[in-house]
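Here's the structure, in structure tokens; my notes come after.
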Amino acid sequence: MATGTPDSQARFGQSVKGLLTEKVNTCGTDVIALTKQVLKGSRSSELLGQAARNMVLQEDAILHSEDSLRKMAIITTHLQYQQEAIQKNVEQSSDLQDQLNHLAGPRAGAELASAGPGPGARETWPPPATLRARRSTSGRTCRTTTGREALQNVHEEVTLRYYGCGLVIPECLENCWILDLGSGSGRDCYALSQLVGEKGHVTGIDMTEGQVEVAKKYLDYHMEKYGFQTSNVTFIHGYIEKLAEAGIQNESYDIVISNCVINLVPDKEQVLQEVYRVLKHGGELYFSDVYASLELPEEIKTHKVLWGECLGGALYWKDLFFLAQKIGFCPPRLVTANLITIQNKELERIIGDCRFVSATFRLFKLPNTGPTERCQTVYNGGITGHEKQLIFDANFTFKEGEIVEVDEDTAAVLKNSRFAQDFLFRPIGDKLPASGGCFVLESKDIITDPFKLAEDSNKKPKCASSVVGGCCGKKRSC
């Protein structure tokens, strides 16, 4: 085993090309064994470095991709930076599980949706005869777990082979059909499968065939663990900008999620167009990603390390609003935002004045029902896990029984989405039967700039929110 010295790191970087040409059948077993050692209390940077190397080697797509040299360069350089950071910080880390989850980086190379040959067309999904069971006004499927609690029930290997960061789970999921873009080993899919219940369904799509195979191995395991009669999860090998080729039908999903994956696809408009196509009217795209403060120059876009760190492919944040309007989505709703710091002099020189932020947005696809007026709303507290209050986004928090005045866009979203049955609506000026008797007029300016939100959040203490964010977002608590 390598000693973790600078010389051994350099030798490792130089030998990756040769290592990637060989099939390493024991990688899965090795990385699990090493991880168990780490989680049992070992803080050895040597073990962590070896685990990181094994994680990279076990990616089947890298071994067979026609563009393997590009991926290899990204991963090699990325791991060198990661190893340096691990050597400096691992002794101070209080959360070894978190450290391990980030060893392989944000899906560098493993989920470059633009690389490699297409997997070809797949069977049509969902099957034409299969329809989601709608929630009735008389009640909902019971759900007793939150998103983070649901992760505890996911199989160990699925969790270890998942290379994403954070957790992107919206509210009000019972009986929904959900599509996960870049699902990896299926960790989030299996967590979501508990939250949607047996009448709901979760589909994961990923371009890495090896990851899809790992996910499929545990379909029966999770079905039995959750007490379902049939599995409510499906995994598909395909590309997120080519959902039609993967057999995904028009208007077949209530929710699409994505966690720091869209930035790895050069044609982001095509991804959003495909998401719009597969969403039902009233559905939403709930996703976290990295955004830039300005249009990125080619030097940044083509830089291998910055690309692997999800920075080189970052979208200028204002372009998201332009693309959303062009495609037909409602204006993007900002949920959370955190500034990204670059602690490397060479990378800082290349980046220059550009700044980056990780942000969660929600985009709704609404039916064309004409203009919606401002109105008063009362949240009835009916969403599991959010009974006392619903933090809808950075601008609106709805407390149970409290009257809140909302703008035209927010009114349209609440009235025409899965949240409609959780609110009482009345024209402005009418009296509403609010249990708490509170009355809140929302006349403030709507925040849309993720950099402004992140900067404002850093200026004042902020209590831990029930909003689940992702994409390397920092958890703050008071």
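Some points to look at:
- Scattering profile of region 178-290 at q = 0.09, 0.10, 0.11, 0.20 Å⁻¹ [log10 I(q)/I(0), Debye over alpha-carbon scatterers]: -0.21, -0.26, -0.32, -1.06
- log₁₀ of I(q)/I(0) at q = 0.17, 0.18 Å⁻¹ - region 262-309, Debye sum with one point per alpha carbon: -0.64, -0.69
- Highest mean packing first, where packing is the average number of other Cβ atoms within 10 Å per residue, the peptides 197-206, 406-415, 224-233, 309-318 line up as 197-206, 309-318, 406-415, 224-233.
- Of the residues His237, His281, the one with the largest accessible area comes first in the ranking His281, His237, computed with a 1.4 Å probe on protein heavy atoms.
- Range of Cα positions in region 150-370 per principal axis (Å), largest first: 56, 48, 30
- Less than 5 angstrom separates the built amide H of Phe356 from those of Ile340, all sequence-distant by 5 or more or on a different chain.
- Above-threshold pairs, the threshold being 20 Å between Cα atoms, out of Lys268/Lys326; Lys216/Lys280; Lys217/Lys268; Lys304/Lys345: Lys216/Lys280; Lys217/Lys268
- Computed magnitude of the charge dipole of region 150-370 (debye, nearest 20; Cβ of K, R +1, Cβ of D, E -1): 320 debye
- Rolling a 1.4 Å probe over the protein heavy atoms gives region 150-370 an accessible area of 33 Å² per residue.
- Each of the peptides 452-459, 389-396 was scored by the mean count of other Cβ atoms within 10 Å over its residues; in descending order, highest first, they stand as 389-396, 452-459.
The values are calculated or read from the model by the stated rules, or taken from the named source; none is laboratory data. Since this is a predicted model, take the numbers as computed values, not measurements. Don't worry about glycine lacking a Cβ; one is built from the backbone with ideal geometry, like all the others, and counts go over all protein chains shown. Quick note on the areas: whole protein, heavy atoms, side chains included, nothing else; ligands and nucleic acids left out. Shrake-Rupley method; radii C 1.70, N 1.55, O 1.52, S 1.80 Å.
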